[in-house]
Amino acid sequence: MDRSNDTALQDLASVDAANEAPAPTPAAMQAWDVDAVPALDIGEGCTRRDLPAGPGVRVWVVDMEPGAQWPVLDHHETGESYYVIRGEVIEGEARFGPGTYVYFAPDSRHRPHTETGVRLIGINLGYSAFLAAGGSPESITHCYHPTQG
């Protein structure tokens, strides 16, 4: 058996071990059962679960029942992104199913609805994080509607 590569493999293993991040400590890592997080009723057939996140970041899970529409025109001064976990969400004429990542630019508006029901996980930047990342203060123009949290 040829063992000429054994030393090279051992060297790679030691490099991998040296570069491996230590396991997170309990204070540095937290986990939640999303369905155990209290749901806020946003409108008929629409709920939102606000998840803990780092400073300046808002993370949430939205569930919409079949036939539901978001109750207000949603305006995002700092933009918004979401990922479709299950079901289908409709934005205008576009339909997005599981595995789709959707991004809305700062100062955008939308009013999603669904025929099948949908679960999304989304993220928004707070004002300070948005500005620190180079966002324009001109896009921060109004107060949040109560359903936007």
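The values are calculated or read from the model by the stated rules, or taken from the named source; none is laboratory data. No experiment lies behind these values; they were computed from the predicted model shown. Every residue, glycine as well, gets a Cβ built from its backbone with ideal geometry; the counts of neighbours run over all protein chains shown.
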(message) Which residue is nearest to GLU44 (Cα to Cα), if the candidates are limited to the range 69-101 and must be within 16 Å of the chain's Cα centre (by Cα) and loosely packed, with under 14 Cβ neighbours inside 10 Å?
(response) ARG86
(request) Examine the range 44-55 for a residue that is of a type in the set (S, T, N, Q), at pLDDT 95 or above, surrounded by fewer than 16 Cβ atoms within 10 Å (Cβ to Cβ) and over 21 Å from PRO106 (Cα atoms), and state whether such a residue exists. (result) no
(message) Consider the range 104-127. How many of its residues are surrounded by 13 or more Cβ atoms within 10 Å (Cβ to Cβ), in a strand (DSSP E or B) and of a type outside the set (S, T, N, Q)?
(response) 10
(message) Quick check on the range 92-103. Is at least one of its residues in contact (Cβ under 8 Å) with a residue 40 or more places away in the chain, of a type in the set (Val, Ile, Thr) and part of a loop (DSSP other than H, G, I, E, B)?
(response) no
(request) Note down all Cβ pairs under 6 Å where the first residue falls in the range 109-121 and is in contact (Cβ under 8 Å) with a residue 24 or more places away in the chain and under 14 Å from ALA94 (Cα atoms), the second is surrounded by 15 or more Cβ atoms within 10 Å (Cβ to Cβ) and of a type in the set (Val, Ile, Thr), and they're at least six residues apart or on different chains. (result) PRO112/VAL89; HIS113/ILE90; THR114/VAL89
(request) Give the residue that is farthest from ASP74 (Cα to Cα), with candidates limited to residues of the range 98-122 that are out of contact with any Pro (no Cβ under 6 Å at 6 or more places or on another chain) and of a type in the set (S, T, N, Q). (result) THR100
(request) State whether the residues of the range 127-139 include one that is modelled with pLDDT of 95 or more, closer than 29 Å to ALA28 by Cα and touching a helix residue (DSSP H, G or I) at 6+ places or on another chain (Cβ under 9 Å). (result) no
(request) Working carefully through the options ASP41, ASP35, ASP50, find the one that is in contact with a strand residue (DSSP E or B) (Cβ under 9 Å, 6 or more places away or on another chain) and in contact (Cβ under 8 Å) with a residue 60 or more places away in the chain. (result) ASP50
